[in-house]
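Q: Could you have a look at this structure, given as structure tokens, before my questions?
What follows is calculated from the coordinates using simple rules that are stated; it is not laboratory data. Because the structure is predicted, anything quoted here is derived from the model rather than measured. When we count neighbours, we look across all protein chains shown, and the Cβ atoms used for this are built from the backbone with ideal geometry, even at glycine.
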Amino acid sequence: MVQYNFKKITMVPSGKDFVDIILSRTQRQTPTVVHKGYAISRLRQFYMRKVKYTQQNFYEKLSAIIDEFPRLDDIHPFYGDLLHVLYNKDHYKLALGQINTARNLISKISKDYIRLLKYGDSLYRCKTLKVAALGRMCTVVKKISPSLAYLEQIRQHMARLPSIDPNTRTILICGYPNVGKSSFINKITRADVDVQPYAFTTKSLFVGHTDYKYLRYQVIDTPGILDRPLEERNIIEMCSITALAHLRAAVLFFLDVSGSCGYSIAQQAALFHSIKSLFLNKPLLVVCNKIDLQPLESLSEEDRKLVMEMKDEASKTLNGGDDPELANGVLLSMSTLTEDGVIAVKNAACERLLNQRVEMKLKSKKINDCLNRFHVAMPKPRDGKERPPSIPQAVLEAKAAQANVEREKRKLEKDLENENGGAGVYSASLKKNYILPNDEWKEDLMPEIFEGHNVTDFVDPDILQRLQELEREEGLRMEGENEENDEMDEERELSLEEREALAEIRKKKSLLIQEHRIKKSTAESRSVIPRKFNKDKAFTSERMGRDLSRLGLDPSAAINRARSRSVSQRGRKRERSLAIEDEGEGMDIDQPNKKLRMRSRSRSQSRGPPGELVPGEGFKDSAQKTKAVKLAKKAAKKRNKDARRGEADRVILNMKPKHLFSGKRSIGKTDRR
Amino acid sequence: MRLEKCWFCSSTIYPGHGIQFVRNDCTVFKFCRSKCHKNFKMKRNPRKVRWTKKYRELHNKDLARDTVFEFERKRQRPERYDRNLVENTLKAMKKIDEIRVTRREKFWLNRMKVKKSKEKKEDLKELEQGIDLVKAPLAFQEDSTLTIPKAKKMKVVITKPEEERRQMEE
């Protein structure tokens with residue numbers, strides 16, 4: 001059986017709202033953009049999706065409604081009857097049936113139109129099909145909108161029905177209108193039912209809960225019942241009849257002995273007898289209310305007789321035969337105004353109900369499963385001797401002493417604080433109660449951190465001993481090291497001279513490396529200039545002489561040789577001493593130095609004027625030679641300007657100059673690079 | 001108040017410095033500064049990061065396992081306060097510190113010794129090979145010590161054979 005919860009039924013929207021919700025959802029949750037240029041299959045799919053989506057949503061929502069509303073046959077007959085009484089079973093079923101048909105219709109519509117859409121050949125046609133499909137579905141829903149409205153009303157009312165558990169302990173209160181049923185329930189439970197002087201104040205069932213012997217009882221207040229045949233009863237009375245009919249409860253029939261409800265005891269008795277068929281198998285109590293207005297003893301004879309008749313009827317429902325004591329318990333009197341006897345009535349009702357339920361349970365088969373698990377063991381007394389609990393004497397004394405001590409009241413820390421200046425002034429000494437080997441140490445401040453370490457990490461009872469061991473170890477180690485050091489000095493150390501020499505060598509090496517690196521890095525872009533034009537004067541004979549002397553050699557021989565092989569000396573003929581002798585006779589002895597000076601200042605090998613013909617060169621005349629020389633120089637000029645070493649030097653330093661291969665042009669195009 | 005150790009670089013964290021990170025499995029990581037913290041967040045392994053203590057100890061750069069370190073141990077149960085004990089502890093701490101420092105230095109010297117002997121051998125070789133750059137072999141023959149010759153002021157002897165001869169003639 002499906003569990004229904006009347007309070008948790010989802011809201012049923014009205015027809016219009018329903019359509020709005022579904023259509024807006026379709027619009028939001030399905031793709032919206034489509035163009036006529038799309039492939040036809042895509043167009044069809046687009047519209048089919050919309051139709052299908054709408055149908056699905058309708059289906060889901062309608063199914064939810066159908067499932068959530070209870071099936072009257074599935075629920076407890078009390079509720080079934082109650083709902084029938086309130087809403088009319090047929091109308092209810094019809095409404096739900098309409099919803100069901102609507103659901104099926106919508107499914108059919110969608111199937112049809114999807115089939116049609118499969119053959120739609122243009123965007124417009126597909127669109128119209130979709131519009132038609134959705135339109136038809138919406139019309140279906142609009143047609144069932146009265147059912148939807150009806151169901152919504154029912155849902156709202158159902159949610160407000162009192163939550164009566166048909167299976168638990170229940171006490172039912174019934175009787176004529178205005179007899180005091182609602183006042184009674186107000187008294188024994190926390191329910192707050194309207195109590196008014198007019199009849200039919202209570203128009204529906206009300207539930208309250210009360211406790212008796214650690215168990216919870218439902219107390220149900222019903223609207224008043226009039227004495228009429230069943231067919232003529234109105235809905236309100238039918239509610240109470242239903243409750244009476246279907247709930248297994250203890251019934252309290254209320255009797256107004258004073259007649260202030262407007263009905264005589266005779267009428268009430270008549271009602272009693274007409275509905276006594278409903279009291280079968282239910283513990284019945286006849287309760288006489290309003291005895292403060294009319295005590296039971298001062299009733300008239302006929303009234304008393306009527307009351308006794310009712311009592312007899314009621315006692316028939318007693319289980320356990322005609323016990324006169326119990327029989328008296330069937331008729332009770334109370335007054336809700338003075339609260340006289342109210343509790344007694346409640347207790348009696350609860351007791352009767354409990355007993356009946358227990359008996360029923362015992363009779364049923366289920367009890368046998370549990371019964372064998374119960375066993376209350378009571379030890380049989382051996383003899384008549386009394387054996388109270390035995391408390392040792394010491395404990396009794398201690399207890400007495402404790403009581404005395406507590407009466408003395410020890411001095412609290414709080415008192416100490418108050419004596420010494422109060423909360424802000426006095427700070428309690430937390431170290432007062434320390435347990436230390438020597439009480440002088442109580443106020444000591446122990447350092448926590450020392451020289452970058454935590455002191456507590458080092459604290460150890462045998463630290464001194466370990467320290468001693470460590471120091472011994474250290475001593476041994478030091479000795480071992482000293483021996484090692486003595487051995488180690490065998491290795492050769494460099495002397496001062498050697499170290500200086502090493503430094504020089506390293507300096508020289510690094511200089512060489514640096515020079516080489518500079519040369520290497522500028523090799524390509526550096527032009528080769530003759531040594532005599534070297535700016536650093538690195539290839540002069542003075543420099544050579546200095547370098548050689550630094551190496552420890554005597555440079556004079558080398559310098560002389562260099563001098564004699566220099567260009568200025570090259571080509572000079574050997575000195576002919578004999579020739580000088582021949583010529584010396586004719587020379588003027590008066591001016592010997594002048595000639596010598598002239599000779600010694602003679603020019604280095606000169607070339608003569610540029611156009612001067614030298615035989616063997618292959619020129620016709622000096623004009624040709626000058627022209628040839630000029631041409632050669634002209635060609636060389638261009639090459640020199642380009643810093644080319646000669647004709648064959650075709651080095652291009654920068655194969656891809658950046659300015660030609662990158663950047664935009666201020667005017668013109670950059671297609672060609 | 002406790003001095004903690006940084007999880008990443010193992011330096012001490014003084015009060016008021018650093019950040020602690022607690023992971024979902026309740027492990028606490030303490031960092032001395034944001035450098036370590038950021039390295040941790042980058043999921044770097046301190047055993048592979050060269051400047052941390054863990055790396056250095058793992059790769060035998062620093063003294064790692066020694067009896068000196070066993071004196072400092074985090075104790076779970078506190079000892080009952082005893083003034084004499086604390087006094088002794090403080091004195092001992094000082095001495096232990098000294099010993100630790102000496103041992104650490106010794107370790108370092110040992111480590112560097114290897115290089116020293118290698119260096120010496122290399123120096124000798126270089127000296128032998130490279131002396132030619134500084135002192136010409138000829139000079140070496142004359143003076144076989146390693147004294148570097150000083151640069152002399154050069155005096156060039158100019159031979160004037162013509163003049164002399166001429167004068168001789170005359």
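Q: Does anyone have the angle between helix A:235-246 and the longest principal axis of chain A? Alpha-carbon axes, 0 to 90°, nearest 10?
A: With rounding to tens, the tilt is 90 degrees.
Q: Moving to a separate point now. Count charges around B:LYS35 for me, please; just the other residues with Cβ under 13 Å from its Cβ, Lys/Arg as +1, Asp/Glu as -1. If you can, show how the numbers build up before the last one.
A: Numbers: positive: B:ARG33, B:LYS38, B:LYS41, B:ARG44; negative: none.
Its environment carries a net charge of +4.
Q: Distance from a point 7 Å along Cα→Cβ of B:GLU142 to each backbone N in the range A:531-548: keep the residues under 18 Å and list them by number.
A: Output list for this probe position: A:544-548.
Q: In nm, to one decimal, how far is the B:ASN110 label point from the A:ALA523 one, both placed 7 Å along Cα→Cβ?
A: Spacing of the two 7 Å Cα→Cβ label points: 5.0 nm.
Q: Expressed as a whole number of Å, what is the distance separating the alpha-carbon centroids of the range A:620-654 and the range A:494-516?
A: The two parts, judged by their Cα centres, are 47 Å apart.
Q: Which far-off residues, 5 or more places away or on another chain, put their amide H under 5 Å from the one on B:GLU4, with H placed in the peptide plane?
A: B:ILE13
Q: In units of 2.2 N^0.38 Å, what is the alpha-carbon radius of gyration of the range A:6-45?
A: Working: Rg = 16.5 Å, N = 40, 2.2 N^0.38 = 8.9 Å.
Dividing the Cα radius of gyration by 2.2 N^0.38 Å gives 1.85.
Q: Computed FRET efficiency, Cβ-Cβ of A:ASP312 and A:ARG228, R0 25 Å: what is it to the nearest 0.05?
A: Numbers: r = 25 Å, r/R0 = 0.99.
Once the sixth-power term is evaluated, E becomes 0.50.
Q: Further question on the same structure: Can you give the angle from 0 to 90° between the axis of helix A:463-488 and the longest principal axis of chain A, with both taken from C-alpha atoms, to the nearest 10?
A: For helix A:463-488, the angle is close to 20 degrees.
Q: Using the Karplus curve 6.51 cos²θ - 1.76 cosθ + 1.60 with θ = phi - 60°, what ³J(HN,Hα) values do you get for each residue of the range A:61-66, in whole Hz, with x for Gly and Pro?
A: Each residue of the range A:61-66 in turn: 5, 5, 4, 4, 4, 4 Hz.
Q: Still on this structure: What are the trypsin sites (Lys or Arg not before Pro) within the range A:64-166 that DSSP puts in a loop, where the Cβ has at most 16 other Cβ atoms within 10 Å? Please report the intermediate quantities before stating the final value.
A: Details: sites: A:ARG71, A:LYS89, A:LYS93, A:ARG103, A:LYS108, A:LYS111, A:ARG115, A:LYS118, A:ARG125, A:LYS127, A:LYS130, A:ARG136, A:LYS142, A:LYS143, A:ARG155, A:ARG160; in loops: A:ARG71, A:LYS118, A:ARG160.
Qualifying residues, ordered by number: A:ARG71, A:LYS118, A:ARG160.
Q: Can you find, among A:CYS370, A:GLY259, A:LEU284, the residue farthest towards the positive end of the dipole of the protein assembly as shown? Put +1 on the C-beta of Lys and Arg, -1 on that of Asp and Glu.
A: Of the candidates, A:CYS370 comes out farthest on the positive side.
Q: Once amide H atoms are placed 1.01 Å from N in the peptide plane, what residues at a sequence separation of 5 or more from A:SER333, or on another chain, have their amide H within under 5 Å of its amide H?
A: Those lying under 5 Å, H to H, from A:SER333 are A:CYS288.
Q: By count of other Cβ within 10 Å, fewest leading, how are B:CYS26, A:CYS370, A:CYS126 ordered? Walk me through the numbers before you get to the answer.
A: Numbers: B:CYS26 6, A:CYS370 9, A:CYS126 25.
Fewest to most other Cβ atoms nearby, the residues stand as B:CYS26, A:CYS370, A:CYS126.
Q: Oh, and also: With θ set to phi - 60° and the Karplus curve 6.51 cos²θ - 1.76 cosθ + 1.60, what are the ³J(HN,Hα) couplings of the range B:21-26 in order, to the nearest whole Hz, using x for Gly and Pro?
A: With the stated coefficients, the range B:21-26 comes to 10, 10, 8, 5, 8, 6 Hz.
Q: Using a 10 Å cut-off around each Cβ, can you sort A:ILE185, A:ILE235, A:ILE667 from fewest to most neighbouring Cβ atoms? Show your work: numbers first, answer last.
A: On the way: A:ILE185 27, A:ILE235 13, A:ILE667 4.
By the 10 Å Cβ count, ascending: A:ILE667, A:ILE235, A:ILE185.
Q: A further question on this structure: First measure r as the distance between the Cβ atoms of A:ARG125 and A:PHE661, then evaluate 1/(1 + (r/R0)^6) with R0 = 35 Å and state the FRET efficiency to the nearest 0.05. Don't skip to the end; give the middle numbers.
A: Values: r = 62 Å, r/R0 = 1.78.
The formula returns an efficiency of 0.05 here.
Q: Let me ask another. Between A:ALA643 and A:LYS432, how many nm apart are label points set 7 Å from Cα along the C-beta direction?
A: Going by the 7 Å Cα→Cβ label model, 9.8 nm.
Q: To the nearest 20 debye, what charge dipole does the range A:6-157 have about its Cα centre, counting +1 at the Cβ of each Lys and Arg and -1 at the Cβ of each Asp and Glu?
A: 1060
Q: On a full-extension model of 0.36 nm per residue, what is the gain between A:LYS203 and A:ASP383, subtracting their alpha-carbon distance, rounded to one decimal in nm?
A: Between A:LYS203 and A:ASP383, full extension yields 58.3 nm more.
Q: Where does the protein assembly as shown land at 222 nm, in deg cm²/dmol rounded to the nearest 500, when only DSSP H runs of n ≥ 4 count, each adding -39500 (n - 2.57), divided by all residues? Before the final figure, lay out each step's value.
A: Details: 29 runs with 421 residues, N = 843.
The helix contribution divided over the protein assembly as shown gives -16000 deg cm²/dmol.
Q: Still on this model: Over 30 Å between Cα atoms, which of A:LYS507/B:LYS121; A:LYS509/A:LYS537; A:LYS520/B:LYS135; B:LYS113/B:LYS135 qualify?
A: Values: A:LYS507/B:LYS121 19 Å; A:LYS509/A:LYS537 21 Å; A:LYS520/B:LYS135 27 Å; B:LYS113/B:LYS135 32 Å.
Violating the 30 Å Cα-Cα cut-off are B:LYS113/B:LYS135.
Q: Could I have the simple spin-label model distance between A:ARG160 and A:GLU397, label points 7 Å from Cα toward Cβ, reported in nm to one decimal?
A: With each label point 7 Å from Cα toward Cβ, the separation is 7.7 nm.
Q: Here is a further query. Are any of the pairs A:LYS16/A:LYS36; A:LYS432/B:LYS5; A:LYS8/A:LYS282; A:LYS411/A:LYS431 more than 23 Å apart by Cα-Cα distance, and if so, which?
A: Working: A:LYS16/A:LYS36 32 Å; A:LYS432/B:LYS5 34 Å; A:LYS8/A:LYS282 33 Å; A:LYS411/A:LYS431 18 Å.
Exceeds cut-off: A:LYS16/A:LYS36; A:LYS432/B:LYS5; A:LYS8/A:LYS282.
Q: Something else about it: For the protein assembly as shown, max minus min Cα coordinate along each principal axis, in Å, sorted largest first?
A: Per principal axis, max minus min of the Cα coordinates gives 208, 106, 58 Å.
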